[in-house]
């Protein structure tokens, strides 16, 4: 399939596909007329990249998953480096949730203090 068809089937743009190719995540074969040619395996790689980015992984984070698929594994997360990415990203999310819990607590404290003072109209709109 050509780049336009791959983009349409994957739900992305030809520009994104060219970028993935420039980053070494996608490899196109060239037909005799110079057009990029892609296979169903390439569609699977692009779908993996897009699904991982949709859950917050960076393009670089997707590399181990792509390499795992290219190695012939049935899923991009069948390899240890992919599991490590999941673990690292989960730790990052947990740290963010911890920080958000602190911020939420501080906001609740400030709100409770403000309400306790029974603010009237202060003339500011």
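Values as computed for the structure displayed
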quantity: Angle between the chain longest axis and helix 80-116 axis [Cα atoms, degrees, rounded to 10]; calculated: 20 degrees
quantity: Within a Gaussian network of the chain (alpha carbon springs, distance under 10 Å), most fluctuating of 96, 111, 25; calculated: 111
quantity: Using alpha-carbon coordinates, inclination of helix 40-54 to the longest axis of the chain, degrees; calculated: 10 degrees
quantity: Estimated FRET transfer efficiency (residue 35, residue 100; beta-carbon r; R0 41 Å; 0.05); calculated: 0.25
quantity: Coarse-grained scattering of region 1-64 at q = 0.26 Å⁻¹, given as base-10 log I(q)/I(0) from a Debye sum over alpha-carbon atoms; calculated: -1.18
quantity: Gaussian network model of the chain, springs between alpha carbon atoms under 10 Å - residue of 109, 62, 14 with greatest fluctuation; calculated: 109
quantity: GNM flexibility winner over the chain from 46, 66, 93 (Cα, springs under 10 Å); calculated: 93
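Each value in this text was obtained by applying a stated rule to the coordinates, not by laboratory testing. In this text the structure is predicted, and so the values were computed from the model without any measurement. No Cβ is skipped: glycine too gets one built from the backbone with ideal geometry, and neighbour counts run over all protein chains shown.
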